[in-house]
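Participant: Below you'll find the structure I mean.
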Amino acid sequence: MRLFVSVDLPDALADAVADVQEEFRDASGLNFVDPAQAHVTLKFLGEVDESRLDELGDALEEAVADADVAPFDATFEGLGVFPSLDYISVVWLGVGDGSEELTQLHEAVEETFVARGFDPEDHDFTPHVTLARMEHAGGKERVQELVRERHPEVGTARVEEVRLTESTLTHDGPEYETVRAVRL
């Protein structure tokens, strides 16, 4: 099974996320993420044997306890891309308030899961919500323009839990299911 650790945006922000994505509709080459599944990935685990689920759920509980982060509000605002404006593979929505807490959670999750044999991240963590992946550069100039000129404010969400999430790839895109939720 394919797993990742995430903080999910509430359903109440899905329409606002979709509104931001709508601004990019005329940029060809983008493959949009389902706004109802918007989340901040703290760590992608990849393919994991189902027999490890209990162990990984316990590891997540340990990581959240180690992070020692109380429930907090996170604001979702601003735009960015990975890896750079010259070569765009991902278009994302940023995090204002709450980015410190998300980074703390990421660091604890990273340490705990690397200790259990998962590969360490090879880049710095930037709290973000993926809006779209760029399949080809046809709309690159439009994306660059929007990222430079726009600073959408999607809203604020109360973060009270971290989830171990299963991602099942389908023809219609990934489907996510929470395997374990750990309260802050």
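Participant: Compare Leu102, Leu131, Leu13 in a GNM of the chain, Cα atoms joined below 10 Å, and give the one with the largest fluctuation.
Facilitator: Top of the fluctuation ranking is Leu13.
Participant: Calculate how steeply helix 140-149 sits against the longest principal axis of the alpha-carbon atoms of the chain, using the helix alpha-carbon long axis, and give the answer as 0 to 90 degrees to the nearest 10.
Facilitator: Helix 140-149 sits roughly 80 degrees off the main axis of the chain.
Participant: Assign one of three labels to region 106-159, namely rounded, prolate or oblate, based on the Cα gyration tensor with a ≥ b ≥ c the square roots of its eigenvalues; rounded applies when a/c is under 1.5, prolate when it is not and a/b is larger than b/c, and oblate otherwise.
Facilitator: Cα axes put region 106-159 in the oblate bin.
Participant: Over the chain, what is the relative contact order in whole percent, taking alpha-carbon pairs under 8 Å and six or more residues apart?
Facilitator: Relative CO of the chain lands at 35 percent.
Participant: Please find the FRET efficiency linking Ala70 to Glu47, where r is the Cβ-Cβ separation and R0 is fixed at 41 Å, and quote it to the nearest 0.05. If you can, show how the numbers build up before the last one.
Facilitator: Values: r = 33 Å, r/R0 = 0.81.
The calculated FRET efficiency here is 0.80.
Participant: I would also like to ask the following. Let's see if you can work this out: charge +1 on each Lys and Arg Cβ, -1 on each Asp and Glu Cβ, no other charges. What is the dipole magnitude of region 2-183 about its Cα centre, in debye to the nearest 20?
Facilitator: Values: 14 positive and 42 negative charges, 99 e Å.
Dipole of region 2-183, to the nearest 20 debye: 480 debye.
Participant: Kindly rank 123-129, 35-41 from highest to lowest mean number of other beta carbons found within 10 Å of each residue.
Facilitator: Highest-to-lowest ranking by the protection proxy: 35-41, 123-129.
Participant: Taking the Cβ of Gln37 as the centre, find all other residues whose Cβ is under 9 Å away and add up their charges (Lys, Arg: +1; Asp, Glu: -1). Write down the numbers at each step before the final one.
Facilitator: Details: positive: none; negative: Asp8, Asp34, Glu175.
After counting each charged neighbour, the total is -3.
Participant: Please give the Cα centre distance for region 118-184 versus region 8-28, rounded to the nearest Å.
Facilitator: Going from one Cα centre to the other spans 11 Å.
Participant: Cα gyration tensor of region 144-184, axes a ≥ b ≥ c as square roots of the eigenvalues: rounded (a/c below 1.5), prolate (a/b > b/c) or oblate?
Facilitator: Cα axes put region 144-184 in the oblate bin.
Participant: Here is a further query. Out of residues 5 or more away from Ser28 or on other chains, whose amide H comes under 5 Å of its own, with H placed 1.01 Å from N in the peptide plane?
Facilitator: Amide H to amide H, under 5 Å and 5 or more residues apart or across chains, Ser28 pairs with Gly139.
Participant: Rounded, prolate or oblate: which fits region 2-183, taking a ≥ b ≥ c as square roots of the Cα gyration tensor eigenvalues, rounded meaning a/c under 1.5, else prolate when a/b beats b/c?
Facilitator: On the way: a/c = 1.84, a/b = 1.55, b/c = 1.19.
Note, shape of region 2-183 comes out prolate.
Participant: Taking R0 as 25 Å, what FRET efficiency do you get between Arg150 and Glu100 from their Cβ-Cβ distance, rounded to the nearest 0.05?
Facilitator: Efficiency, rounded to the nearest 0.05: 0.55.
Participant: Which value in deg cm²/dmol, rounded to the nearest 500, describes the helix-derived mean residue ellipticity at 222 nm for the chain, given -39,500 (n - 2.57) per DSSP H run of n ≥ 4 and division by the residue count?
Facilitator: -8500 deg cm²/dmol
Participant: Still on this structure, I have one more. Using θ = phi - 60° and the Karplus form 6.51 cos²θ - 1.76 cosθ + 1.60, what ³J(HN,Hα) does each residue of region 76-81 get, whole Hz, x for Gly and Pro?
Facilitator: With coefficients 6.51, -1.76 and 1.60, one gets 10, 7, x, 10, x, 9 Hz.
Participant: Between Arg133, Arg163, Arg148, where does the largest GNM mean-square fluctuation fall for the chain, given springs only between Cα atoms within less than 10 Å?
Facilitator: Arg148
Participant: Measure nothing but the geometry: give the 0 to 90° angle between the long axis through the Cα atoms of 53-67 and the longest principal axis through the Cα atoms of the chain, rounded to 10°.
Facilitator: 80
Participant: Against the longest principal axis of the chain, how steep is helix 99-114, in degrees 0 to 90 to the nearest 10, with axes from Cα atoms?
Facilitator: That works out to roughly 50 degrees.
A short reminder: the numbers here are calculations on the coordinates, not readings from a lab. All figures in this text were calculated on a predicted structure; none of them were measured in a lab. As a convention, Cβ positions derive from the backbone with ideal geometry for all residues, glycine included, and neighbour counts pool all protein chains shown.
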